[in-house]
Amino acid sequence: MIKLVDVHKSFGRQKVLGGINLDIEDGKTTVIIGGSGGGKSVLLKHIIGLLRPDSGQVIVDGVDIASLNDRDLNEIRKKFGMLFQEAALFDSMNVMENVAFPLRAHTKKKDAEIRQTVAEMLKAVGLPGVENKMPSELSGGMRKRVGLARAIALHPQIVLFDEPTTGLDPVMTEAINELIIETQKSFELTCVVISHDVQSIFKVGHRIAMLYEGKIVEYGTSEEIRGSSNPVLRQFLSGSLEGPISVM
Amino acid sequence: MNRISAAVDRFGRAVLDNIEEMGRIFILFISVLMWMVRPPLKLRLIFKQMEFVGVKSIFVVVLTGTFTGMVMALQGYYGFRMFNAESLVGSTVALGMTRELGPVLTALMVTARAGSAMAAELGTMRVTEQIDALSVMATNPVKHLIVPRIIAGVIMLPALTIVSDFMGILGGYFVGVPILNINAGAFIKNITKMVDLGDIYNGLIKAAFFGLILSLVGCYKGFNTTGGAEGVGKATTEAVVLASVSILVSDYFLTAIMF
Amino acid sequence: MSSISTEAKVGLFVLVALIILGYMSFRVGEKGFGLKKGYPVHVVFDNATGLEKDASVQIAGVEVGRVEDISLKDGKALVTLRIVPNVRLEKDVQAKIKAYGILGDKYVDIVPGTLGEAYIAVGGDIVRTEQQADIDKLLSELGTIAGDVMEVTASLKNSMGGAKGEENIRAIIDNTRAITEDLARIVRQNDAKLNLMVDNLSEASSEMRRTFATLNSIVEKIDSGEGTIGQLVENRDAFDNLNQTLVSLKGITEKINRGEGSIGKLVNDEDTVDNLNSSLKSIGKSMDGIDRYVSKSEQFKTFLSYRGEYLFDSGDGKGYIDLTIRPKEDKFYVLGLVTNPNGRLTVTDTTPAGGATARTETWERDELLFTAQIGKRFKDIALRGGVFESTGGVGVDYFALDDRLQLTFEVFDFGSDRNAHLKTYAEYRFLKHIYLSAGWDDFISNEGGDSPFVGFSIKFEDEDLKYLLGSVPMPN
Ligand SMILES: Nc1ncnc2c1ncn2[C@@H]1O[C@H](COP(=O)(O)OP(=O)(O)O)[C@@H](O)[C@H]1O
Ligand SMILES: [Mg+2]
């Protein structure tokens, strides 16, 4: 259970989050939508404790992670997996080492065991046998899938996806979406997905939240969102230039 | 009037920024110390960094050390010849290398080679969110990335400095004895007579300190990179400049304290 | 991946660095090695300026210990030395503080004592010390010397100045005049003695002959070696001729001996001696001319020289005896004799009335030729003119290396029937009175007289002549 209470965040004079209130349901996929540079990634980083709010609370399983020290925060983080926007694979390590990294860091598994787990994970994301490739040798989609494998290697309860499908071709987008849905189902994960892609939003998300000007302006099930009359949401979903969201 | 106050304002802010930066570097150093004593130490990472900072710098250090010794011998020779004291060239080279040039030149070369690489590597990791990824995987980036680099810097710099000292003296010997015809016995005798163990060891302490500075500054700059590829470039440049300046300035104070 | 692991590379590098460090530490630390085990000895110096702890203690330049401690004791410096165990110091060794050069470090030098003396015990004292002349002391000593010099000048001034001083100087000059007059008288009455002197010279010549004989045997060896030199001197006649020359030289000296020579006449020339005498007198007369007197008397010099030349091509020897009188630094007269075994070829064409021209060639062998020249010297160059080998000619000498080296060029004998006689040679002084020369005689001769030559000469100054004269028994 993740709960954000009146979270504020500014970088210098730039106010990014202006009082976020959001409940994220367990075992469901919540999609956060919003304009580019709107603070979605910043919001996600608050959930996992990479950023601390200027004010407000981020409660994970009843604990306000904003007030935790590093050690306790690390304990909380072991429940999480995160897929970064650009996958953030360690480019000094090959795919094998990347996926094995959390296993080596947090389990006492033997090397052979780790290899086996890595192979399983890679198979799960549809990339069997790429263990010895370096991240630079992979395409953007492959990288994201390896990133996903790394994110779910420790079988976390919560997985955060930062724009998993941005910049991918439609087929690859579809494949990733399927992957998210499948893994969510099979591991009964709580997923938080950031996305722009309207098609993906309704396919993947059980719940949808709209972030606009530092606030959650709309939150509900996909049906509720589809039927929403919020002009911001309407403009975002239709991709129209007419409306409250100014492009300039 | 306005312009003057603006200039004063800018100057003041620059000073404050610098002091703040020093403070941040110091805080980073403290956290490095804390993470250093917290097991487990990742020996593999340390060795990797030692290889990068130390083993891969051998060539450039040997080269600079040798040529520095050679040119010192040459310059010293012209000076000492006026007093018919050519045999003092050896001890001048040896003292200069062990006390000053060995540590400082080695530190500057390693700063250029490894300090910059540290800043660039960590900077890239920062802007591509690899450092965030580390944190997310409940791995402390300071412990995982910075501690091995600092340890490598502190251990490898003295090792490289010994090599540099030795090569410098050797270079001085090869210029002094076969080329400038200084008596070999007197050359070596004067070295052993004038150089103390303290000269060598204090030089190595300096080197360790320089190793700390260059790796700390490199890591700090890389770790706090913002602004994409351009930011990485900026961080690298700043790391080299700040580390070099710090090395030279601290060298003065270290010399004042030690000798 | 390379075959060597990261850990191995790092380990190897650190190991190498440690080995180098160990080596350097050892070499640098070496100086104190083994000295710790030594025994202490004390020594008290009045002043231990510049001496430092750990300074070297040496005997004959060999390090035998270190200065362990320096402290103050009764206003003096108590220095504790640590001497290596295998070096024992006799009771009467002497310790002094020395420096490596003027600016160098100070060290303690120990002068060994008498062998067989008892040894200084562990912790004992070196009693004998000597303060080394340091710069301060040197300067103060210099000061004393300057004081002494001042005293001397002062007393000189006392004795020279005033009427008494004048009297003294007059007496000195009177004495000098008396001596010169005596000398003149000696020279006037000395025909016999001079002859004796020349006898001595002739003996020297025979000595020379023996030398040449030895040389001959050496050359014979060369000869058997068939070398170039061997071939050059193959002609044994050369040596016979040389011997002949020397024999004839002996003849000449004998002639002089019998009063027939010209040298005798020369030194008997009343005018020369009178001139000499009068000039000395006139100088002696002027009271204020003391400086001039001194310098003049130094300037006036007489030289007697003998030079022998060996001509390679003809195998002949040529001998010169010259008397050079140099009244002033830049002016000189040369009078001498030349023996020329070659002689001079004189061609006379006689045409009897109506008959064919008859040519008679007369060789004047073993003729004595004369030298009489006036010369002037301009710095390093001297020009000579006058009689060369009994003919008119001029010559130029170039002096170098403080007159050790003389390069000479002479032209004489401008006969219409032949090319002029040109001669050039270099002469080098390699011992006090002994010169070696080499050159080319008559090198544009159209009579086949040209020849390279080597020679050697002996030159005496008047000082040496006085000595020679003195060594000759002088009947009064
Ligand atoms: N660490 C940071 N320091 C300063 N500014 C930041 C930082 N992270 C994000 N921002 C700023 O906050 C805003 C929101 O960024 P982000 O959340 O990445 O947008 P997006 O919604 O596209 O993911 C941007 O203007 C960005 O410049
Ligand atoms: Mg983003």
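None of the figures in this text is laboratory data; all of them are computed from the coordinates on show. Keep in mind that this is a model prediction, so the values were computed, not measured. Note that we place each Cβ from the backbone using ideal geometry, even for glycine, and neighbour counts take in every protein chain shown.
A few comments on the model shown:
- Spin-label model distance (nm) - C:GLU447 vs A:HIS155, 7 Å beyond Cα toward Cβ: 13.5
- Computed helical MRE - 222 nm, chain A, DSSP H runs ≥ 4 contributing -39500 (n - 2.57), nearest 500: -11000 deg cm²/dmol
- Most fluctuating residue given options B:VAL240, B:VAL127, B:VAL61, as computed from a GNM of chain B linking Cα atoms under 10 Å: B:VAL127
- Cβ-derived FRET efficiency at R0 60 Å, C:ASP148 paired with C:ILE374, nearest 0.05: 0.75
- Where trypsin sites (Lys or Arg not before Pro) fall in DSSP loop in the stretch C:41-92, at most 16 other Cβ within 10 Å: C:LYS53, C:ARG88, C:LYS91
- Enclosing the Cα atoms of chain A in their convex hull gives a volume equal to 134 cubic angstrom per residue.
- Nearest-0.05 FRET efficiency for B:ALA112 and A:GLU25, computed from C-beta distance (R0 35 Å): 0.05
- Lysine pairs in the stretch B:43-258 whose alpha-carbon atoms fall under 30 angstrom of each other, counting only those eight or more residues apart or on distinct chains, come to 17.
- Close Lys pairs in the stretch C:38-136 (alpha-carbon distance under 19 Å; sequence gap of 8 or more, or different chains): 11.
- Helices assigned as whole DSSP H runs in chain B whose Cα atoms extend at least 27 Å along their own long axis and whose mean Kyte-Doolittle hydropathy is 1.0 or higher are found at B:58-81, B:147-174, B:197-223, B:228-258.
- In terms of surrounding Cβ atoms within a 10 Å radius of their Cβ, B:THR98, C:THR324 rank from fewest to most as C:THR324, B:THR98.
- Whole-angstrom gap from the stretch C:5-19 to the stretch B:83-139, using each part's C-alpha centre: 18
- Remark: B:MET156, A:MET1 ranked as A:MET1, B:MET156, counting other beta-carbon atoms within 10 Å and listing the fewest first.
- Between B:MET97, B:MET167, B:MET34, the residue with the greatest mean-square fluctuation in the GNM of chain B (Cα pairs under 10 Å linked by springs) is B:MET34.
- Full extension of the chain between A:LEU241 and A:LYS79 gives 54.3 nm of extra length, using 0.36 nm per residue less the Cα-Cα distance.
- Label zone at A:ASP61, where the point sits 7 Å out along the Cα-to-Cβ direction: the stretch B:135-166 residues whose backbone N lies under 17 Å: B:136-139
- Inter-part distance where the stretch C:62-77 and the stretch A:151-220 are each reduced to a Cα centre, Å: 87
- Charged neighbours of C:GLY455, selected by a Cβ distance under 9 Å, balance to 0 (K, R count +1; D, E count -1).
- Taking B:ASN18, B:ASN183, B:ASN202 in turn, the Gaussian network model of chain B (Cα-Cα springs below 10 Å) assigns the largest fluctuation to B:ASN18.
- On the basis of the beta-carbon distance and an R0 of 41 Å, C:LEU115 and C:ARG27 show a calculated FRET efficiency of 0.70.
- Cross-link pairs exceeding 28 Å between alpha carbons, from the set C:LYS376/C:LYS423; A:LYS123/B:LYS42; C:LYS331/C:LYS423; A:LYS109/A:LYS203: A:LYS123/B:LYS42; A:LYS109/A:LYS203.
- Cα gyration tensor shape of the stretch B:43-258, rounded if a/c is under 1.5, else prolate or oblate by comparing a/b with b/c: prolate
- Cα-based shape type of the stretch C:38-136, given that a ≥ b ≥ c are square roots of the gyration tensor eigenvalues and the cut on a/c is 1.5: prolate
- Prolate/oblate/rounded label for the stretch A:53-170 (Cα gyration tensor, a/c 1.5): oblate
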